[in-house]
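The values are calculated or read from the model by the stated rules, or taken from the named source; none is laboratory data. Keep in mind that what you see is a predicted model, and the values were worked out from it rather than measured. With ideal geometry, Cβ positions are generated from the backbone for all residues, glycine too; neighbour counts draw on all protein chains shown.
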Amino acid sequence: MPEDSEAIVKTAIFPVAGLGTRFLPATKATPKELLPVIDTPLIQYAIDEARDAGVERIVFVSHPSKSAIERHVQDDADLRERGKARLARELKQAAIDEDLHDVVFVMQDEPLGLGHAVLCARDNVLPGPVAVILPDDLIVGSKECLSEMIAAYPNCDSGHMVATIDVARDDVASYGILSVLARNGRVIKANGMVEKPDPAAAPSKSAVVGRYVLDAAIFDALARQTPGVGGEIQQTDAIATQICTTGLSGFAFSGQRFDCGSKQGMLAAGLHLARQDPAFDAVLDEFVAGQSSSTAA
């Protein structure tokens, strides 16, 4: 079990090098992480989640073609100089304050997998366990997912913790699936993890999604890991090799997850957030009424 003094997660890694081909042509010039969910870029939700969790350093593993992400996370003094003080304040709140957080950009020049992206950050992380946040997975709720995981991590009796959701049996082939030993509240003790299993052979319906708190030993495992599915270095494979030595737990977070790596997930996220804001009530009511009228006709 991690010692309490070592269980402080000081670094969050954001793998953002993917080229977002599923969203072409929108991503031809705009990184997918900057596509808005209503009026907030997808990556901003992940940045806010990391800041809420108290990390000290955020390492963006990016691609040379995605310099717009770096511009997004920086404060924009130009608006203040042009007399747009209110807008400048709003953007300053969204930007990462480098007096409070270290910001590091490293490049992943080739698409060699999530595990390779995390390994690219190795020389820039602070001591102790690290968080990995996949911005494509938008998780919303009254509590931030990463904060919940970090609070549970010291007592989970495992060095690696992964966020999980329960999925339908027919959907397990789209996820890494845990082999479950026991459940204690939201914490799931696991003795294995299978990447995209056949539904008939899946050990459970507990699916891994894009939040991880990983012991620093993960970097040695990734450095040794041979290519797996798709010829890529798979992070799940590296975690699986350390289950006997480092341990693995799942965490069933309280929020709702949207797969914003897909168009359907982006639309669902936008509709969900719109329902939370009274400013959109009239638009949604009008749309629903129109659909009802069309169906009746």
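Listing for the model above:
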read-out	value
Segment 31-42 - residue that is more than 23 Å from Cys120 (Cβ to Cβ) and in a loop (DSSP other than H, G, I, E, B) and, of those, modelled with the lowest pLDDT	Asp39
The lone exception for Ser262 - which of (1) free of Cβ contacts under 8 Å to residues at least 24 places away in the same chain; (2) surrounded by fewer than 16 Cβ atoms within 10 Å (Cβ to Cβ); (3) not acidic (Asp, Glu) it fails	(1)
Any pair with Cβ under 8 angstrom, 6 or more apart, that starts in segment 192-207 at a residue that is on the phi > 0 side of the Ramachandran plot and ends at one that is surrounded by fewer than 13 Cβ atoms within 10 Å (Cβ to Cβ)	Lys196/Ser174; Lys196/Val229
Filtered residues of segment 1-23 (kept if among the hydrophobic types (A, V, I, L, M, F, W, C) and at pLDDT 90 or above)	Val9, Ala12, Ile13, Phe14, Val16, Ala17, Phe23
Residue ranges of strands (runs of 3 or more DSSP E) in segment 125-186 with at least 1 members closer than 21 Å to Lys263 by Cα, modelled with pLDDT of 95 or more and out of contact with any His (no Cβ under 6 Å at 6 or more places or on another chain)	130-133, 137-140, 160-166
Identity of the residue in segment 13-26, under 21 Å from Val106 (Cα atoms) and assigned to a loop (DSSP other than H, G, I, E, B), that ends up nearest to the chain's Cα centre (by Cα)	Val16
Residue within segment 82-104 that is modelled with pLDDT of 90 or more and either within 21 Å of Leu126 (Cα to Cα) or part of a helix (DSSP H, G or I) (or both) present	yes
Flag if Ser254 is modelled with pLDDT of 95 or more, surrounded by fewer than 21 Cβ atoms within 10 Å (Cβ to Cβ) and hydroxyl-bearing (Ser, Thr, Tyr)	yes
Filter result for Leu138 (crowded, with 23+ Cβ neighbours inside 10 Å and either without any contact (Cβ under 8 Å) to a residue 40 or more places away in the chain or within 17 Å of Asp52 (Cβ to Cβ) (or both))	yes
Which listed residue is surrounded by fewer than 20 Cβ atoms within 10 Å (Cβ to Cβ) and under 23 Å from Pro154 (Cα atoms), from Thr226, Thr246, Thr236	Thr246
Residue match in segment 153-174 (condition: surrounded by fewer than 19 Cβ atoms within 10 Å (Cβ to Cβ), within 16 Å of the chain's Cα centre (by Cα) and over 15 Å from Gly210 (Cβ atoms))	no
Whichever residue in segment 188-232 is among the small types (Gly, Ala, Ser) and touching a strand residue (DSSP E or B) at 6+ places or on another chain (Cβ under 6 Å) and, among such residues, is farthest from Ala50 (Cα to Cα)	Ala202
